[in-house]
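To start, the structure under review is shown below, and the notes come after it.
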Amino acid sequence: MALIGSLSRSLSVNRLMTGRGINFQVFATQLSSLPGTRGLAFKIDEQLSNLVHRNLKMTEEAQKTEKRSQNNKGGEHSKGKPGKFILKTPKGTRDYGPLEMAVRREVFDVIHSVFHMHGAVEIETPVFELKEVLTGKYGEDSKLIYDLEDQGGEILSLRYDLTVPFARYVAMNKITNIKRYHIARVYRRDNPAMTRGRYREFYQCDFDIAGHYDAMIPDAECVQLIHQVLSRLNLGSFTIKINHRKILDGIFGACGVPVEKFRPICSAVDKLDKSPWEDVRKEMVDEKGLDGSVADVIGEYVKLSGQVDLIEKLKNDERLKNSADAQVGLTDLALLYEYCKSLGCDAHLMFDMGLARGLDYYTGVIYEAVLVAGQSPKEEGTVGSVAGGGRYDGLVGMFDPKKKNVPCVGLSFGIERLFAIQEQKQRAENCKLRSTQTEVFVAAACKGMVHERLKLIGLLHEAGIKAESSYKNNPKILNQLQYAEDNLIPLVVLIGESEVQEGVVKLRETLTREEVTVKREEMVATIKQRLAKS
């Protein structure tokens, strides 16, 4: 038996199972040819056979378990019903149907038009970046970055925002000045709140100005642009909160915060729009290690808000008089107010000392837009800020080999949040949206008109008119007219045998159901005139 155990241990089971090792049957046969070893050979043969069969059975069970595990990776299974796949979108994402996309298109069109009005050019960057490009740019929010598996030697991450990729683009292409916009998806491993427009995959609409310019002129343009977009979307009253990172740094320094704690404390202040001061103070003291008395003094400042008069008051504040950073920041904000007044966008401004913008790369003016109307916590689907941004003069230099800085200032619209508000508004107003942009529907009043309908479709498309028709050879007239009404198509071109013979068409207003007869050669011009008036 000792010999059998030794042989069993020395033979690889994998080799026996795959046939790449010693053939135990041949080995046992050769052993049985020796005198006095026939019984021993039989036992070796039997025990090795049992060993292999036992391991084969274990391998089969392991393969079945692994297969079930791989199947489960593709989605969830209902409790108690293994193998039943639940079809759903991943957490923090959603699908958008035709009507929802119509709402999004309206919002995008407004933002595009304002970006173009300011002379911005468009760029595009990859949806993922080298991980080291994104590392160290977002402070505590870095934990929300989606990391990707190693794909051929490069460690990659999905972009968290569009600002850091823009700074990388400017540095890599040695750009000294540019006014650009970029509309694209970004990704964050955040706790989603779908009804509030907070997702893990969402669009950002960014506008940035890079280059060396005089103080506060580009910054004022960014504030004006936020004002113009929100005014055109007509989502209700809004406020554009402004502050300055140097004012915050001056306050922290004057209150006794160690320099190395400036950014962590700033990150805590950033939570004031979501949490009461008591919770923020607790984070400063318990988690950040700040002295409680220092936190209390900071609390006196960050609760302040007002207009230009508050700026003048803080300039003469006993603690801030000797802070160079605070004085520079207050001077910048006073100048920003003057420029915004000239641009006609100062009415919605509010100097809010509690605004911090948690991202580490901000260096100067910061701003954030919130809706005033419809923001009661008891209301369904309330949202936070709908736009925000600021100055980040040192970010491009982080990517330049010679640390050459290109000052930048910019803003970003949270399109999902704007869309969530637009949806609420349209539900409240019971608005009916068009999911298509079709302008004319070509219909036939009798059978055998498919070729005539297609000829008219061809003429309309050639003239640049958005037109469609039924895909059936002989559709019922009532179904065709109902389709036009359901889809809010403004005009219907109607033909029958008599219209074809006479070389005319009937032009029908869908809303009023009024019909006029138009010569075929005048059809395109007449339709364009009607559409221009609508």
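The values are calculated or read from the model by the stated rules, or taken from the named source; none is laboratory data. Note that this is a predicted model, so its numbers are computed, not measured. Here Cβ is always computed from backbone atoms with ideal geometry, including for glycine, and neighbour counts include all displayed protein chains. Each accessible area value is taken on the protein alone, full model and side chains, heavy atoms only, with ligands, DNA and RNA left out. Shrake-Rupley method; radii C 1.70, N 1.55, O 1.52, S 1.80 Å.
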When every residue in the range 383-441 that is in a loop (DSSP other than H, G, I, E, B) and of a type in the set (Asp, Glu) is compared, the one nearest to the chain's Cα centre (by Cα) is ASP393
Enumerate the pairs (first residue in the range 449-468 and of a type in the set (Asp, Glu); second residue anywhere and assigned to a helix (DSSP H, G or I)) with beta-carbon separation below 8 Å, excluding pairs fewer than 6 apart on the same chain, so at least 6 apart or on different chains.
GLU452/VAL500; GLU468/ILE457
Considering only residues that are open to solvent by 10 Å² or more (accessible area, probe 1.4 Å) and touching a residue at least 24 places away in the same chain (Cβ under 8 Å), which ones fall in the range 387-403?
ARG391, ASP393, GLY394, MET398, PHE399, ASP400
Enumeration of residues in the range 88-143 that are under 22 Å from ARG200 (Cβ atoms), free of Cβ contacts under 8 Å to residues at least 60 places away in the same chain and not in a loop (DSSP other than H, G, I, E, B)
PHE128, GLU129, LEU130, LYS131, LEU134, SER142, LYS143
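If only one of ALA215, ALA254 is part of a loop (DSSP other than H, G, I, E, B), surrounded by fewer than 23 Cβ atoms within 10 Å (Cβ to Cβ) and of a type in the set (Gly, Ala, Ser), which one is it? Don't jump to the end; show me each part of the working.
Working: ALA254 fails: part of a loop (DSSP other than H, G, I, E, B).
That would be ALA215, the only listed residue that is part of a loop (DSSP other than H, G, I, E, B), surrounded by fewer than 23 Cβ atoms within 10 Å (Cβ to Cβ) and of a type in the set (Gly, Ala, Ser).
Evaluate the following for ASP332: is it crowded, with 18+ Cβ neighbours inside 10 Å, among the charged types (D, E, K, R) and assigned to a helix (DSSP H, G or I)? First the steps, then the outcome.
Numbers: crowded, with 18+ Cβ neighbours inside 10 Å: yes; among the charged types (D, E, K, R): yes; assigned to a helix (DSSP H, G or I): yes.
Criteria met by ASP332.
Please verify whether LEU235 is of a type in the set (A, V, I, L, M) and open to solvent by 10 Å² or more (accessible area, probe 1.4 Å), treating the condition exactly as stated. Walk me through it before giving the result.
Values: of a type in the set (A, V, I, L, M): yes; open to solvent by 10 Å² or more (accessible area, probe 1.4 Å): yes.
Spelling it out, LEU235 is indeed of a type in the set (A, V, I, L, M) and open to solvent by 10 Å² or more (accessible area, probe 1.4 Å).
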Tally time: how many residues in the range 482-534 are in contact with a helix residue (DSSP H, G or I) (Cβ under 6 Å, 6 or more places away or on another chain) and either exposed (fewer than 15 other Cβ atoms within 10 Å of the Cβ) or among the hydroxyl-bearing types (Ser, Thr, Tyr) (or both)?
2
Unmet criterion (only one of (1) exposed (fewer than 14 other Cβ atoms within 10 Å of the Cβ); (2) at pLDDT 90 or above; (3) not small (Gly, Ala, Ser)) for TYR96:
(2)
Out of all the residues in the range 283-316, which are out of contact with any helix residue (DSSP H, G or I) (no Cβ under 8 Å at 6 or more places or on another chain) and buried (at least 16 other Cβ atoms within 10 Å of the Cβ)?
LEU310
Given the conditions (1) surrounded by fewer than 16 Cβ atoms within 10 Å (Cβ to Cβ); (2) modelled with pLDDT of 95 or more; (3) of a type in the set (S, T, N, Q), which single one is not true for GLN437?
(2)
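So for the range 153-166 (the condition being assigned to a loop (DSSP other than H, G, I, E, B), open to solvent by less than 50 Å² (accessible area, probe 1.4 Å), within 30 Å of GLU338 (Cα to Cα) and modelled with pLDDT of 90 or more), does at least one residue qualify?
First, pick out the residues of the range 153-166 that are assigned to a loop (DSSP other than H, G, I, E, B): 153-155, 159-162.
If we keep only those that are open to solvent by less than 50 Å² (accessible area, probe 1.4 Å) as well, we get 159-162.
Remaining after also requiring within 30 Å of GLU338 (Cα to Cα): 162.
Next, only the ones that are modelled with pLDDT of 90 or more stay: 162.
Yes, the range 153-166 has at least one match.
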